[in-house]
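Structure first, commentary second.
Just so it is clear, none of the values below were taken in a lab; they were calculated from the coordinates. Keep in mind the model is a prediction, meaning the values are calculated, not measured. So basically every Cβ, Gly included, is an ideal-geometry build from the backbone, and we count neighbours across all protein chains shown.
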Amino acid sequence: MLRLTIEIWPGGDATRACAIAVANVANISALSEVSDYAVGVTEQYNPISHSPAWSSEGHILRHDRRTSVWALVAKVAAWAAEEATRIEKG
């Protein structure tokens, strides 16, 4: 499983770091070159953008595991961004 944590560091100060989003990504298929993943995402209220807190669950399907982990992170981020937009629009 991968856990992605997004933090804000005000002014670059690690002592004031605040996690505003987390994604848990779990492989739900047999280990192979192409896998399916369950994704759970939560985002806290963001005081900078004023975006509301939300959470959602979904899937990333048929991901090629022979690519960099960043390819999977990009898919998760794109999915989460779409979910945030969908939820904000109600």
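Helix 69-89: angle to the longest alpha-carbon principal axis of the chain, degrees 0 to 90, nearest 10?
60
Taking K and R as +1 and D and E as -1, what net charge do the other residues with C-beta under 15 Å from the C-beta of residue 51 add up to? Let's see the in-between values first.
Details: positive: 86, 89; negative: 43, 82, 83, 88.
That sum, taken over residues with Cβ under 15 Å, equals -2.
Suppose a student asked you for the relative contact order of segment 2-89, using Cα pairs under 8 Å spaced at least 6 residues apart; what percent would you report? Display every interim value, and only then the final one.
Values: 134 pairs, mean separation 17.7, N = 88.
The value is 20 percent.
I need 36, 13 ordered by Cβ neighbour count within 10 Å, fewest first. Don't skip to the end; give the middle numbers.
On the way: 36 15, 13 8.
If I rank by nearby Cβ atoms, fewest first, I get 13, 36.
Order of 56, 32 from fewest to most other C-beta atoms within 10 Å? Write out the running numbers ahead of the final one.
Working: 56 16, 32 9.
Least to most surrounded, the residues fall as 32, 56.
Take the chain, compute every pairwise Cα distance, and split them into 10 Å bins from 0; I just need the percent in each bin.
Taking every Cα pair in the chain, the percentages come to 16, 43, 29, 11, 1.
Work out the length of the dipole vector of segment 2-89 about its Cα centre, built from +1 on the beta-carbon of each Lys and Arg and -1 on the beta-carbon of each Asp and Glu, and round it to the nearest 20 debye.
Details: 8 positive and 10 negative charges, 25 e Å.
Roughly 120 debye, rounded to the nearest 20.
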